[in-house]
Amino acid sequence: VTSLLESCQLCALCAMAYLANSLFVRNLSPQVSETIVREVFSSCDEIVKVIFKPYPNNETQFFAQIDFKTSAGVSEGSKLSGTKILGVACMCGVIDPIRQAEQNRQATVASATAAPTEEETAAEEFEMQAEHVRKAKEAAEELRLRTCHIAGLAEDTKEESIRQLCQTFGEVETLRIDTAADGQTFGLVEFKETKVAHVIKMQRSFMVDDRVLVFTEAKSHVDNAKVEEMTVQFQAPIIDAMNMRSVLAQQVPLAEKLAKVKAAATEIMPGMASPGEAKEPTKVKEKEKKEKKLKDKKEKKRKKRK
């Protein structure tokens, strides 16, 4: 009973660490210090704490647990796997080695009686992937809440002028100026703090150079590619064919995206199209034509005013 209680407590502690946006760094040199670890991973996100822990049944070797402020730090930190720290290539992951060792021990004990079924193994791995996706979505939503949509910009508005304006409210992480489908120029500004973006959106309208700029909730991100990278799932070897079918069944939108990519590739390289596929103009070209017409109309109006 005592052994079972200790095992449950250990699993609970490991689960808490996993939910605390933790990244586990293995294969470290004995000379590595907390300062060095912070220098390497500080660019990923704000680091709450760094803890060094010995491996189970091997106190001569250790790994580092890095707790980030948000799940974005875990996503970015995982990309540094293979980075050399004091000449030794580190290995980064989201699984606690202590928890993994305990699971391996329990699996060894369980295998003596009854091995887990394929369904159970697949369900456990799928649950871990679902947790990763959940954290990635939370991080993406946090980025969106820190982003403001700016309407009412002039066509020749420069990013630097928008940055100077927004920095009067708070620190700006990144921004982008783009053109909507109706030809209107708009901006997306991502602030470092959510509260700054919230206050601006509450105030909403600002008069700048005789133009009314309207700050509202953003429906997208400044860097959509970065957000998509955060939500990428990597297939683990343990997942069998049955679980792969289950994962794909949950990713119907991915099939739609792939279809759009194929259509775009066919338009760019007609030779890739199947014999029965029609080579019609894509939505992208139609959008470009509409934007060109709008610009031509605006140019004519300007000439008439002159």
Accessible area of the stretch 124-194 belonging to carbon and sulfur atoms, whole % at 1.4 Å probe: 48
For residue 213, what charge total do you get from the other residues with a beta carbon under 13 Å from its beta carbon, if Lys and Arg give +1 and Asp and Glu give -1? +1
Sorting check: for 46-52, 104-110, which peptide has the highest mean count of neighbouring beta carbons within 10 Å, and how do the rest follow? 46-52, 104-110
Among the listed pairs 260/298; 158/260; 201/295; 84/226; 135/260; 135/219, which have their C-alpha atoms separated by more than 22 angstrom in this model? 260/298; 158/260; 201/295; 84/226; 135/260
Area accessible to solvent at residue 194, 1.4 Å probe radius, in Å²: 60
Solvent-accessible area per residue for the stretch 130-177 (1.4 angstrom probe, square angstrom): 53
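The values are calculated or read from the model by the stated rules, or taken from the named source; none is laboratory data. Note that this is a predicted model, so its numbers are computed, not measured. A quick note on method: Cβ atoms are made from the backbone with ideal geometry, for glycine too, and the neighbour counts reach across all protein chains shown. We work out accessible area using only protein heavy atoms, side chains counted, and drop any ligands, DNA or RNA first. Shrake-Rupley method; radii C 1.70, N 1.55, O 1.52, S 1.80 Å.
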